[in-house]
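See below for the structure under consideration.
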Amino acid sequence: MKPSPFEYVAPTSMEEALAVLAGDPDETKVLAGGQSLVPMMNFRLARPERLVDINRIPGIAGTDVVADRLVIRTRTRHLALQNTSLPGPLGHLLRHAAAKVGHLPIRTRGTFGGSLAHCDAASEWCLVASLLDADITAESQARGSRTIAAADFFRSIFTTALEPDEILTSVSLPLLDDSWTAGIAEFARRAGDFGIVTATAAVQVVDGTVTEARVSLGGVGEVPFRSVAAESTMRGEAWTTDLITAAAQAAAEEVDPPSDIHGDAAYRRDLVRALLPRALGRP
Ligand SMILES: Cc1cc2nc3c(=O)[nH]c(=O)nc-3n(C[C@H](O)[C@H](O)[C@H](O)COP(=O)(O)OP(=O)(O)OC[C@H]3O[C@@H](n4cnc5c(N)ncnc54)[C@H](O)[C@@H]3O)c2cc1C
């Protein structure tokens, strides 16, 4: 299929891009890597009258360490994060999550900001943002800049807190020091597919005791699912293999996954039980 006709605008500044969007927000879409939007347009699942391409705007790709946070600018490609030299547990998590996003051609074009704005519940970046309580910054011509907590950002399938006249400009994540362990594990039928279930986890262990625990699961609902049960099972306890097993069991009991052609609810629950320990580094 070919997309329905649309106007194409390629501004060279963020101000210009925001102005185009402000002119007709409901009929204009931001084009970042195009790896989700273009297929949707080709299938006529999306029919915007206008695309505002952000690929010629300087200064909106790359990462910065600012105090104790990593700022990821919106047009940072998946591949750049796969190749990041950021040390520590956050660098490890970003490299491993990026490597699971689609195939190499998709990773060379697709962007971190585009993934969050697209809001697929199985997206690795949506899970990382949910796991680490990301701060997500968006700008509009009318209201300037605002920051949205990840917990408020992901609303439902393909729906975020972004207003139609807003552009997601950057995302900040906490830098994790070496007391943290963070990881991701997913099961997909073929390499490069979206995971049927994906588990992300980060735990802080001090003197053998878990002081902080975060678990976010994909493929078990419309948006990334923070497993409060798994997190509270681990917090304050001795960091042992048995604890990881108990946390995985708690998460599997807590989720209420959908059934579809890729797997029924019981299967997805089993995947949660199997994958969470792997995300925490236990094979
Ligand atoms: C075969 C295939 C396999 C894939 N596998 C995976 C996978 O395993 N995991 C995964 O996470 N993804 C996967 N993807 C999707 C890919 O990661 C996309 O790159 C990503 O979902 C969207 O990023 P993008 O930059 O391409 O955004 P685009 O396609 O350009 O845009 C997507 C949506 O976000 C909006 N948008 C984009 N940027 C902004 C912005 N800065 N501000 C406001 N709105 C914005 C657009 O208007 C559009 O609605 C796959 C894609 C394909 C084609």
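The values are calculated or read from the model by the stated rules, or taken from the named source; none is laboratory data. Since we're looking at a predicted model, the values are computed, not measured. Virtual Cβ from ideal backbone geometry, glycine too; neighbours counted across all protein chains shown.
Things worth noting here:
- Helices (runs of 4 or more DSSP H) fully within segment 209-283 that include at least 3 residues being at pLDDT 95 or above, within 15 Å of L131 (Cβ to Cβ) and of a type in the set (A, V, I, L, M): 228-234, 265-279.
- Selection within segment 55-103: residues that are touching a Pro at 6+ places or on another chain (Cβ under 7 Å) and closer than 26 Å to A199 by Cβ. The member of this set that is surrounded by the fewest Cβ atoms within 10 Å (Cβ to Cβ) is D68.
- Segment 232-283, residues that are more than 24 Å from I157 (Cβ to Cβ) and either under 21 Å from the mean Cα position of the chain (by Cα) or of a type in the set (V, I, T) (or both): T233, T240, T241, I244, T245, P277, R278, L280, G281
- Taken over segment 164-187, the criterion of being touching a Lys or Arg at 6+ places or on another chain (Cβ under 8 Å) and either aromatic (F, W, Y) or under 20 Å from G263 (Cβ atoms) (or both) is satisfied by I184, A185, E186.
- Filtered residue count, segment 68-114, keeping only those that are part of a helix (DSSP H, G or I), within 14 Å of G34 (Cβ to Cβ) and of a type outside the set (D, E, K, R): 6
- Within segment 131-140, the presence of at least one residue that is within 10 Å of the ligand (Cβ to nearest atom), of a type in the set (D, E) and closer than 19 Å to G59 by Cβ is confirmed.
- Considering only residues in segment 19-53 that are assigned to a helix (DSSP H, G or I), under 18 Å from L116 (Cβ atoms) and touching a residue at least 24 places away in the same chain (Cβ under 8 Å), the one that is nearest to the ligand (Cβ to nearest atom) turns out to be L37.
- Which numbered condition V128 misses (of (1) over 10 Å from the mean Cα position of the chain (by Cα); (2) closer than 25 Å to V215 by Cβ; (3) more than 7 Å from the ligand (Cβ to nearest atom)): (1)
- Hits in segment 54-67 - residues which are among the β-branched types (V, I, T) and either in a loop (DSSP other than H, G, I, E, B) or within 11 Å of the ligand (Cβ to nearest atom) (or both): I54, I57, I60
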